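What follows is a single structure, written as structure tokens, with notes after it.
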Amino acid sequence: MISHKYSPIPDSDPEQSGVNTQTTARGKMVTLATRIQVSKPVKLLGVIAFLFLVWILYNYRIIENENVMNEGDFGSANKKENVVTTPKPDLKVVKVDVYYECLCPDSRYFVLHELLPTFEKVGSMMDIHLWPYGKATTTVTEKGYEFSCQHGEQECIGNIYHACVEKIVEDMTKKLELIKCMISDNYEPENIAKKCASEGGIDFEEIQTCASGQEGKELHFKAGQKTEALHPKVSFIPTIEIDDDQNSQKAILKNLLKEVCASYSTQYLTHNEKLANCP
């Protein structure tokens, strides 16, 4: 015969019996009601927490992208410094004014070996303006303007073509490539301008209309006014201004990249930020 063990509390104790019954009933309610009533809020809170985490990560990426450059634009990152490679969201740039002559050997060297290489490395933070005039002189006549250029009449004509390119070609990369091509051999200004424009996929007719008409002369005259207004006065061509300041011409002509980077860093970066591709 199987023996049974009973609770020491008598079955006849109605008070204790009531407690047990109530406990059992409550136990059943927790087990069933939790699954039905609590599980839904928990799931909802889980979804909200997940979406909040996604929002935090998304905003973090936006902030990170505003301060850190794409390596491909300006070179490899520096592990010890916060490397910035594009202008900040306010698009701050360094203004570079180039005063030159199209047949000047020193101007040609600067364009080919300083201006173009610097633009290739940090072009997105440069605002470049070209003023082809140099040490020319202008006489205002009843018919318009008469120019006398340091390297002869062909230089005046070439300067006018350069001035028209500066005004007409808006894309800076295409503009500088065209200037580079022209200044490499500018002794026949019209022919070289036509050849270079064709190679660069640029409409030559608009440039030709400008250069052969009054507009080109006006642009050359304005380049002369801008050049003659420099302070200190021009003593060497090319002369370069960085943010409207001639600073040390020797340093600029020797290493434009270094001077542009220094100007940008001083104005727009904090002490622990550094531009990639800058010395």
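The values are calculated or read from the model by the stated rules, or taken from the named source; none is laboratory data. In this text the structure is predicted, and so the values were computed from the model without any measurement. Ideal geometry is used to build each Cβ from the backbone, glycine not excepted, and the neighbour counts take in all protein chains shown. The accessibility values were calculated without ligands, DNA or RNA, using every heavy atom of the protein model including side chains. Shrake-Rupley method; radii C 1.70, N 1.55, O 1.52, S 1.80 Å.
Considering only residues of segment 92-113 that are acidic (Asp, Glu) and not in a loop (DSSP other than H, G, I, E, B), which is most open to solvent (accessible area, probe 1.4 Å)?
Among those residues, the one meeting the criterion is 106.
How many of the residues making up segment 255-269 are surrounded by fewer than 17 Cβ atoms within 10 Å (Cβ to Cβ) and without any contact (Cβ under 8 Å) to a residue 40 or more places away in the chain?
Count: 2.
Please state which one of 208, 154, 214, 150 is at pLDDT 95 or above, over 28 Å from residue 247 (Cβ atoms) and touching a Leu at 6+ places or on another chain (Cβ under 9 Å).
Exactly one residue qualifies, and that residue is 154.
What single numbered condition from (1) closer than 18 Å to residue 226 by Cα; (2) in contact with a Phe, Trp or Tyr (Cβ under 9 Å, 6 or more places away or on another chain); (3) of a type outside the set (Asp, Glu); (4) not in a helix (DSSP H, G or I) fails to hold for residue 159?
(4)
Could you list, in sequence order, all residues of segment 203-217 that are touching a residue at least 12 places away in the same chain (Cβ under 8 Å) and of a type in the set (D, E, K, R)?
206, 215, 217
Tell me, please, whether a residue that is part of a loop (DSSP other than H, G, I, E, B), among the acidic types (Asp, Glu) and over 29 Å from the mean Cα position of the chain (by Cα) can be found in segment 203-223.
No, segment 203-223 has no match at all.
Restricting attention to segment 122-133, does a residue exist that is open to solvent by 10 Å² or more (accessible area, probe 1.4 Å) and free of Cβ contacts under 8 Å to residues at least 24 places away in the same chain?
no
So which of 119, 74 ends up being at pLDDT below 95, under 15 Å from the mean Cα position of the chain (by Cα) and of a type in the set (A, V, I, L, M, F, W, C)?
Just a single option satisfies the conditions, and that option is 74.
Is one or more of the residues making up segment 219-233 among the acidic types (Asp, Glu) and touching a residue at least 24 places away in the same chain (Cβ under 8 Å)?
Taking every residue of segment 219-233 in turn, none turns out to be among the acidic types (Asp, Glu) and touching a residue at least 24 places away in the same chain (Cβ under 8 Å).
Among residues belonging to segment 228-247 that are among the polar types (S, T, N, Q) and closer than 17 Å to residue 114 by Cβ, point out the one that is most open to solvent (accessible area, probe 1.4 Å).
247
Out of all the residues in segment 172-199, which are buried (at least 19 other Cβ atoms within 10 Å of the Cβ) and in a loop (DSSP other than H, G, I, E, B)?
Passing the criteria: only 186.
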